[in-house]
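Presented below is the structure to which this report refers.
The values are calculated or read from the model by the stated rules, or taken from the named source; none is laboratory data. Note that the structure is predicted; figures quoted are calculated from it, not measured. Cβ atoms come from the backbone with ideal geometry, glycine included; neighbour counts cover every protein chain shown.
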Amino acid sequence: MSRELLSCGSREGDSLRKLLGHKKGQFVIIAVLMIAIMIISIGALMNRAGTYYKQEPWEEYLTLMGSIELGSRRLIELSLANYTNAVSPDSNILKANLQKWQINLTRIYPGYGIALNYTLANQVYSVYGTSIGYSLGLNYTWQKPSSLSAANASFNVDINSVGLEGYKFTSTAFLNLIILNATTSSNEIVVAVKGDGGIPVTGLGKDNFQVVGFSISKVTSSYDQTYLIVYKIKCSGTLTLPVTVKVWDTRGIQVTARYP
Amino acid sequence: MTMKKHNKGQIRVIETILASFVMMVALSFANVFVTTPTSPKYEATELQKVGYNVLHDLDEQGLLARFVYKGEWDNLRSALRVTLPSDVYFNATVYDFYNRKLDDATVFYGDSQIFSTSKNIASVTYGLVGLSIKISGAYQAIYEPRIVILRLTRG
């Protein structure tokens, strides 16, 4: 009985081994199928990535945003230049220009669904260590030894055609003229000029300055430990105090300072 | 019996052939749809980027507005020629806000036929707000938008 059982068991064992031996190839087929599925999936994914990139020109939207941002900054500077040079300054000039820019943008860049919203600075801000009280985004504080002109507005841009919403940025324009010293014996006025970011303005010459009541014979610049660059304005004639100096930077923004 | 034993390995050969076939099909499928960044299909987009960057850089330096509002077309042409790659041909036109082309405001470089024959032409639109200009000792800063349309293609 036990022999029969043993022989029966050994026969079953042989057939099981054979069966297992025959099933070996099936695992290879399953593995190949899995690899095939993976490859096809990767192919489909690459296809989707390729077509997605083609359909959505993100670079174009970024460059468009850059263009709008730079245009808005230029408008702020232009409005401040207008405000500081006008015989009777229009305090609404920045608001009026921004309203036009808001409408005109949709014509300059048609088909994008651009929506530009702005907020003009209307309170006291600390700018590079100086408190500036803006009204309708503009301020000029003149007739002081340290005088300035400034503009400030915040923007929010949406590009509705691609569902891009809430791109925010702030544009400012700033010019500061500081009369450091005026010497009547040598007819010389020493001034420092700071622009956006409190950075010294370079490259100013005779045409950029005006001394009220006196003609300028020469303007030279030199290094200064505190202001980095200072301008020495040499006047012709005998200089008398108080003295009023005007400056215009390359953007056409004006500042008038008085010393002492 | 001997035949059966000899036939055993053939299934592996068939499996390998099938696997190779599936892999080749998958790779061919991927290759048809994938477009590499260097493909000519992206040429127009690349030129657009180059064109925009050139205009943006010129505007950032305050040169573009000066060239456009003061009518310095030769300077604009020189600036574009210097900043764009030498094999890129361009055609820049300036319009006022009412889509009127400004007199003589076409700056051109390259073969005149190329813009009508080339398949890959990129077009860049750039808006300018105005320029503060000194006229007889006084600055005038008036909002007066202008549109620069720069068309680019490779020669």
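So which residues in the range A:118-135 are at pLDDT 90 or above and in contact with a helix residue (DSSP H, G or I) (Cβ under 8 Å, 6 or more places away or on another chain)?
Hits for the range A:118-135 are A:118, A:120.
Go through the range B:51-65 and give me each residue that's within 17 Å of residue B:81 (Cα to Cα), over 13 Å from the mean Cα position of the chain (by Cα) and surrounded by fewer than 17 Cβ atoms within 10 Å (Cβ to Cβ).
Correct list: B:57, B:61, B:63.
Give me a count of the residues in the range A:227-259 that are away from chain B (no Cβ under 14 Å), touching a strand residue (DSSP E or B) at 6+ places or on another chain (Cβ under 8 Å) and touching a residue at least 24 places away in the same chain (Cβ under 8 Å).
Qualifying residue count, the range A:227-259: 19.
Yes or no, residue by residue, for (1) in a loop (DSSP other than H, G, I, E, B); (2) among the aliphatic types (A, V, I, L, M):
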site: B:74; (1), (2): no, no
site: B:77; (1), (2): no, no
site: B:86; (1), (2): yes, no
site: B:90; (1), (2): no, no
site: B:93; (1), (2): no, no
site: B:104; (1), (2): no, no
site: B:107; (1), (2): no, yes
site: B:120; (1), (2): yes, no
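Give the residue that is surrounded by the fewest Cβ atoms within 10 Å (Cβ to Cβ), with candidates limited to residues of the range A:82-96 that are outside any loop (DSSP other than H, G, I, E, B) and over 20 Å from the mean Cα position of the chain (by Cα).
Only one residue tops the list, namely A:96.
Any residue in the range B:72-80 that is surrounded by 15 or more Cβ atoms within 10 Å (Cβ to Cβ) and within 13 Å of residue B:153 (Cα to Cα)?
Residues of the range B:72-80 that are surrounded by 15 or more Cβ atoms within 10 Å (Cβ to Cβ), as a first pass: B:73, B:76-77, B:79-80.
Subset that is within 13 Å of residue B:153 (Cα to Cα): none.
No - not one qualifying residue is present in the range B:72-80.
State which residue pairs qualify: first residue of a type in the set (Ser, Thr, Tyr) and inside the range A:199-224, second residue part of a helix (DSSP H, G or I) in any location, beta carbons under 9 Å apart, and separation of 6 or more residues or different chains.
From residues that are of a type in the set (Ser, Thr, Tyr), the pairs are A:217/A:206.
Within the range A:183-198, track down each residue that is of a type outside the set (S, T, N, Q), surrounded by 12 or more Cβ atoms within 10 Å (Cβ to Cβ) and at pLDDT below 90.
Within the range A:183-198, A:196, A:198 meet the criteria.
Could you say which residue among B:136, B:123, B:78, B:132 is farther than 29 Å from residue A:76 by Cβ and hydroxyl-bearing (Ser, Thr, Tyr)?
None of the other options fit; the residue is B:78.
Out of (1) farther than 17 Å from residue A:118 by Cβ; (2) without any contact (Cβ under 8 Å) to a residue 60 or more places away in the chain, what's the single condition that is false for residue A:149?
Here residue A:149 clears every test but (2).
Restricting attention to the range B:23-43, does a residue exist that is modelled with pLDDT of 80 or more and loosely packed, with under 13 Cβ neighbours inside 10 Å?
Yes.
Considering only residues that are out of contact with any helix residue (DSSP H, G or I) (no Cβ under 7 Å at 6 or more places or on another chain) and of a type in the set (Ser, Thr, Tyr), look in the range B:65-88 and name the one that is modelled with the lowest pLDDT.
B:86
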